[in-house]
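Visitor: Dumping the structure here so I can ask a few things about it.
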Amino acid sequence: MMTTTRGDGGGGSSIVPADPASVATLKKKTAVSRSWILLDSTGEGTILDVDKYAIMHRVQIHARDLRILDPLLSYPSTILGREKAIVLNLEHIKAIITAEEVLLRDPLDDNVIPIVEELRRRLPPNNYIPQGQGDTKEQQNGQIDIEGGEEDESPFEFRALEVALEAICSFLDARTTDLETDSYPALDELTSKISSRNLDRVRKLKSAMTRLTARVQKVRDELEQLLDDDDDMADLYLSRKLSGASSPVSGSGAPIWCPASPTIGSKISKASRASAATIRGDENDVEELEMLLEAYFMQIDGTLNKLTTLREYIDDTEDYINIQLDNHRNQLIQLELFLSSGTVCLSIYSLVAGIFGMNIPYTWNDNHGYIFKWVVILTGITCASLFILIISYARYKGLVGS
């Protein structure tokens with residue numbers, strides 16, 4: 001059952017039952033929402049409307065860490081390991097993970113609602129049975145769950161972290177797929193017809209691809225940075241640090257207390273194994289988290305490869321368009337050369353005709369009217385020969401096509 005917690009002026013909080021009216025009111029709040037949802041290890045959710053000081057006191061983190069989750073501040077994707085919490089800022093996923101609970105910001109956001117549902121489904125341990133159901137079966141098979149099924153269960157913080165990584169990787173991959181669906185037909189249409197409309201469409205798609213590539217690259221770099229530093233990965237083992245600090249052990253490394261019930265015994269068994277691992281010097285063993293991060297690193301790297309392929313396709317399209325434009329430019333240059341050559345030849349012809357057409361007396365022109373006719377003919381032949389010579393020379397030099 002979900003409840004709603006509201007903070008008072010003194011930083012405290014009171015719990016009241018949540019109803020549809022309160023949820024609707026919460027959804028109508030301003031963009032600067034202080035709402036969080038608290039999910040415990042059983043998947044039960046509680047909506048909190050508290051200030052940052054209450055959150056800092058609850059999870060024991062500094063203000064600078066909480067500032068990373070502020071929606072008004074543009075912080076890149078970040079995974080930070082603190083003493084008792086993991087601060088997670090992955091696009092729209094802004095969460096604080098502890099060894100026992102998850103605080104997720106803006107639970108009524110459309111992109112966050114599926115994550116909340118997935119956390120409710122996957123946070124409870126494999127052997128968790130809701131209260132009032134199967135008590136007898138739990139009592140009969142509790143020891144089997146502790147000794148058998150519990151061995152393969154990941155720590156609480158890793159289950160929550162996996163949900164967040166899976167959600168953000170799937171979200172970015174879906175955005176990439178949508179971008180590919182829109183981009184490839186637009187690029188093909190642009191190659192067949194270069195127009196202002198197609199160019200503007202491709203420009204917008206390229207801008208969207210650049211922004212998405214930056215987001216995917218940041219998530220990939222953050223995972224790569226974690227994988228390269230074993231100390232940073234060790235900081236994310238909250239259950240191990242919690243059990244190492246609070247679970248007393250005897251000289252042989254065995255717990256000095258015994259489970260009183262199968263459910264409690266399951267948690268104690270897990271804490272005992274983590275404590276024993278710490279004593280044996282396995283606090284630097286990060287293989288489990290490394291395999292988890294590697295899986296999603298490969299997924300986000302595949303998404304980045306898709307965007308890289310799309311960028312290469314866009315670059316190839318741009319090169320093809322530039323070649324087409326160069327070809328058209330060369331055709332215009334050829335036309336300009338033809339026109340210029342013809343203009344030069346006609347100018348020479350007009351010059352000769354103009355000289356002979358002037359009303360100026362010449363002694364050699366007296367009684368020799370036939371000379372004008374042959375001069376005009378020879379001038380025309382000379383101009384045509386000059387035009388052919390210019391075009392031949394241009395083709396020889398490769399300035400025009402054959």
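The values are calculated or read from the model by the stated rules, or taken from the named source; none is laboratory data. Computed from a prediction, not measured in an experiment: that's the story for all the values here. FYI the Cβ positions are ideal-geometry reconstructions off the backbone, even for glycines, and counts take in every protein chain you see.
Yes or no, residue by residue, for (1) surrounded by fewer than 12 Cβ atoms within 10 Å (Cβ to Cβ); (2) in contact (Cβ under 8 Å) with a residue 12 or more places away in the chain; (3) in a helix (DSSP H, G or I):
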| residue | (1), (2), (3) |
| --- | --- |
| MET291 | yes, no, yes |
| GLU294 | no, yes, yes |
| ASP301 | no, yes, yes |
| LYS306 | no, yes, yes |
| HIS328 | yes, no, yes |
| GLN331 | no, no, yes |
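Visitor: Another question, if that's okay. Step by step: first the residues of segment 170-204, then only those that are over 22 Å from ARG220 (Cα atoms) and aliphatic (A, V, I, L, M), then the one that is nearest to the chain's Cα centre (by Cα). Which residue is that?
Guide: VAL202
Visitor: Among the residues of segment 292-350 satisfying the criterion of being farther than 30 Å from SER392 by Cβ and among the basic types (Lys, Arg), which is nearest to the chain's Cα centre (by Cα)?
Guide: LYS306
Visitor: Right, here's the next one. Return the residues of segment 189-198 that are in a helix (DSSP H, G or I) and either loosely packed, with under 12 Cβ neighbours inside 10 Å or of a type in the set (Ser, Thr, Tyr) (or both); say none if nothing qualifies.
Guide: THR191, SER192, SER196, ARG197
Visitor: Those residues that are more than 19 Å from THR303 (Cβ to Cβ) and free of Cβ contacts under 8 Å to residues at least 12 places away in the same chain, I need them from segment 190-227; list them, please.
Guide: Correct list: SER192, LYS193, SER195, SER196, ARG197, LEU199, ASP200, ARG203, LYS204.
Visitor: Moving to a separate point now. Kindly indicate whether any position in segment 246-260 is at pLDDT 50 or above and part of a helix (DSSP H, G or I).
Guide: Within segment 246-260 (the criterion being at pLDDT 50 or above and part of a helix (DSSP H, G or I)), the answer is yes, since at least one residue qualifies.
Visitor: Hey, another quick one. Are any of the residues in segment 78-99 among the basic types (Lys, Arg), at pLDDT 85 or above and more than 30 Å from LEU212 (Cα to Cα)?
Guide: Yes, segment 78-99 has at least one match.
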